[in-house]
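The structure under discussion appears below in the form of structure tokens.
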Amino acid sequence: MVDSVDDCAAAIVDICRDRRRAAQLGSAGREPVRRRFLLPRMIRDDARLYAELLDA
């Protein structure tokens with residue numbers, strides 16, 4: 001984490017300059033997002049569809 005806007009900007013510049021680190025961060029962040037948001041969203045959407053079909 002960063003403590004200021006300047007620290008945040010510096011961290012962004014560092015990541016932009018280090019492609020390998022950027023790729024590592026992207027890979028590390030992708031999995032938690034997939035687990036937390038994509039599967040639950042798909043299940044919720046499917047459940048909503050099934051409910052609509054049963055009500056029809």
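Readers should treat all values here as calculations from the given coordinates under stated rules, not as data from a laboratory. Everything numeric here is computed off the predicted structure, so don't read it as measured data. Note that we place each Cβ from the backbone using ideal geometry, even for glycine, and neighbour counts take in every protein chain shown.
Brief remarks on what is shown
- Scan of segment 1-52 for residues that are surrounded by 10 or more Cβ atoms within 10 Å (Cβ to Cβ) and in a loop (DSSP other than H, G, I, E, B), ordered by number: 2, 18
- Test result for residue 55, surrounded by 10 or more Cβ atoms within 10 Å (Cβ to Cβ) and either within 14 Å of the chain's Cα centre (by Cα) or not aromatic (Phe, Trp, Tyr) (or both): no
- Output for segment 25-51, where each listed residue is farther than 30 Å from residue 15 by Cα and among the β-branched types (Val, Ile, Thr): 43
- Among the residues of segment 1-52, those identified as of a type in the set (Lys, Arg) and more than 21 Å from the chain's Cα centre (by Cα) are 17, 48.
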